[in-house]
Amino acid sequence: MQFRQFYLGCLSHASYYIGSGGEAAVIDPQRDVQQYLDEAASHGHRIKYIIETHSHADFVSGHVELATKTGAEIVYGQRANTQFPTHKVKDGDELSVGNVKLKFLETPGHTPEGITIIAKEQGSPLKVFTGDTLFIGDVGRPDLVGSVGFTAAQMGEMLYDSLHEKILKLPDDTEVYPAHGAGSLCGKSLSKETWSTLGEQRKFNYALQPMTKEEFVKIVAADQPEVPMYFPKSAAKNLEGSAALAEIAKPREMATDDVIGFDGVVMDVRTVAEYGASHVPNSINIGLGGQFASWAGTLIPIGTPLAIVAQTQEQVDEAVMRLARVGHETVGGYILIGNYQGETKQIEQVPVEEVASLTETEKFIQFVDVRRTGEYNAGHAVRTHNIPLDKLADRVGEIDPKTQAFVICQGGYRSSIASGILENAGFKKVYNVTGGTAAWIAADLPTESSASTCPATK
């Protein structure tokens, strides 16, 4: 068996390639499909099947384009309501890729149509591709858009049954390959590890510990992050079939006046430090170095006209590709910062020690933590007010625009995005706290948790 995992850190997404005997299957492909074509060509394989474990909500799949280019069949679970030719599989069905047998299990819970794939090759441990049913350290959330028609509790019950009646009956040495890792919003406690064994998950995955179905439903549903607004559109697009990337209009190079007068969102994709030092007025910083696509999809409605500010042409091309992965296909133009000749603005980058001193001596400062509520509750700098980044635009009225505002997150990436949002909302004195809460804790500065308002020193 030729086997490869393709891991996309920007979306915490894993896709897979299985090849044997001149044939291949691709599982949960990214929108940019050339890498799978290259992999097949390098082994002399014909891609026979493109398998979707479920209708993904967090990214746009390249299944239709890949099928068009290869003649492969697109495979979904039998409950999937697809609008293109699909090979529907049910529980117990098998397909072959060379000498590898692929057995399908219907495993609803994250979505109704979810399937799990068992890859069997003589003499090797089983490989199980669990999609968003079972993650490393977690399980799929039961409350997403793919579950329309069912309550979160009903989906949670299905998930429990799928795990206990199907997946957990496999041997301990079964290798587990999920569709996502840490950072994905399809669960709440995903590991940074991208694969494991079923035996390890029995030991360490909180959701697989002995408990009743009722206890499972309660614990899995609790404290899930907010569903990003682009998820429903991505899920719908995946069932309709997305256009090939080559069909998306290419952005034009813009002049300074075009950028200043742009009717849409101007997105600066450079680093936090570069944006802070000098940026186009009324732009926001979503840097390519973080979870760029996920935050772009979360904060900006799909269909919004976009303009890119970048350091290089390569950054522009990368941004356009990564935006398309979450359904943003409306990048109308771009400008390289070296060609911009208009007014610029700055956001001062302030170290944690300076902010800590100000919290002790200055009465009129605002200290805003834009991490998710669960992160904040686990431990945060003293005197902070929590407004999660995805809620900031709607809750900006909780902050006084006339008073200096310091913004902190975990490492400085999200706080830079937030600083731009506040600046564009009319705040005159906005500061980004460099290094974030991680640096604050490392410096042994006063912290507190949701359980206590007393300063701690961890």
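Taking the beta-carbon count within 10 Å as an exposure proxy, list SER283, SER184, SER42, SER449 from fewest neighbours to most.
Ranking SER283, SER184, SER42, SER449 by Cβ neighbours within 10 Å, fewest first, gives SER42, SER449, SER283, SER184.
Would you mind computing Rg(Cα) / (2.2 N^0.38 Å) for region 2-237, counting N as its residues?
The value comes to 0.94.
If one computes P(r) from the Cα atoms of region 211-260, what percent of pairs lie at distances over 12 Å?
Here the long-distance tail beyond 12 Å is 80 percent of all Cα pairs in region 211-260.
With runs of 4+ DSSP H residues as the only contributors, calculate the mean residue ellipticity of the chain at 222 nm using -39,500 (n - 2.57) per run, divided by the residue total and rounded to the nearest 500.
-7500 deg cm²/dmol
Taking the chain as the region of interest, what is the percent of Cα-Cα pairs per 10 angstrom bin, listed from the shortest bin to the one with the maximum distance?
Answer for the chain: a P(r) of 4, 20, 27, 24, 17, 7, 1, 0 percent.
In Å and from the alpha-carbon atoms only, list the Rg and Dmax of region 333-409.
Using the Cα atoms of region 333-409, the pair Rg, Dmax is 15.6, 46 Å.
Hey, got the dipole for region 348-456? About the Cα centre, +1 on K and R Cβ, -1 on D and E Cβ, debye to the nearest 20?
I would put it at about 280 debye.
I need the Kirkwood Rh of region 248-339: take the reciprocal of the average 1/r across all distinct C-alpha pairs and report it in angstrom.
12.8 Å
Given region 320-458, what percent of its DSSP beta bridges are antiparallel, to the nearest 5?
Roughly 25 percent of the beta bridges in region 320-458 run antiparallel, per DSSP.
Determine, at each q value in 0.11, 0.13 (inverse angstroms), the log₁₀ of I(q)/I(0) that the Debye formula gives when each Cα of region 348-456 is one equal point scatterer.
At q = 0.11, 0.13 Å⁻¹ the computed log10 ratios are -0.28, -0.40.
Arrange ARG270, ARG46 by Cβ neighbour counts within 10 Å, fewest through most, would you?
If I rank by nearby Cβ atoms, fewest first, I get ARG46, ARG270.
Using all alpha carbons of region 113-236, what is the percent of pairwise distances in each 10 Å bin, ordered from the shortest bin to the longest?
13, 46, 33, 8, 1
So what is the diffusion coefficient of region 32-160 in µm² per second by Stokes-Einstein at 10 °C and 1.306 mPa s, using a Kirkwood Rh over Cα pairs? Spell out each step's value before the answer.
Working: Rh = 15.6 Å.
In µm²/s, the coefficient is 102.
Of all DSSP beta bridges located in the chain, what percent are antiparallel, nearest 5? The partial results should precede the final answer.
Values: 34 of 75 bridges.
Of those bridges, close to 45 percent are antiparallel.
Looking at this model, which pairs from LYS101/LYS213; LYS69/LYS250; LYS363/LYS391; LYS233/LYS402; LYS69/LYS188 are more than 29 angstrom apart at the alpha-carbon?
LYS101/LYS213; LYS233/LYS402; LYS69/LYS188
Scaled to the compact-protein estimate 2.2 N^0.38 Å, what is the alpha-carbon radius of gyration of region 1-44, rounded to two decimal places?
Scaled against compact globular proteins, the figure is 1.12.
Per-residue counts of other Cβ atoms within 10 Å, averaged by peptide: what ranking do you get for 246-253, 55-62, 343-350, 76-83, highest first?
Result, highest mean first: 55-62, 76-83, 343-350, 246-253.
Arranged by the count of other C-beta atoms within 10 angstrom, fewest first, what order do TRP440, TRP195 take?
TRP195, TRP440
Just want to confirm a number: the relative contact order over region 231-341, from Cα pairs under 8 angstrom separated by 6+ residues, in percent.
34 percent
No value in this document is a laboratory result; all are computed from the given coordinates. Since the model is a prediction, treat every value here as computed from it, not as a measurement. Cβ atoms come from the backbone with ideal geometry, glycine included; neighbour counts cover every protein chain shown.
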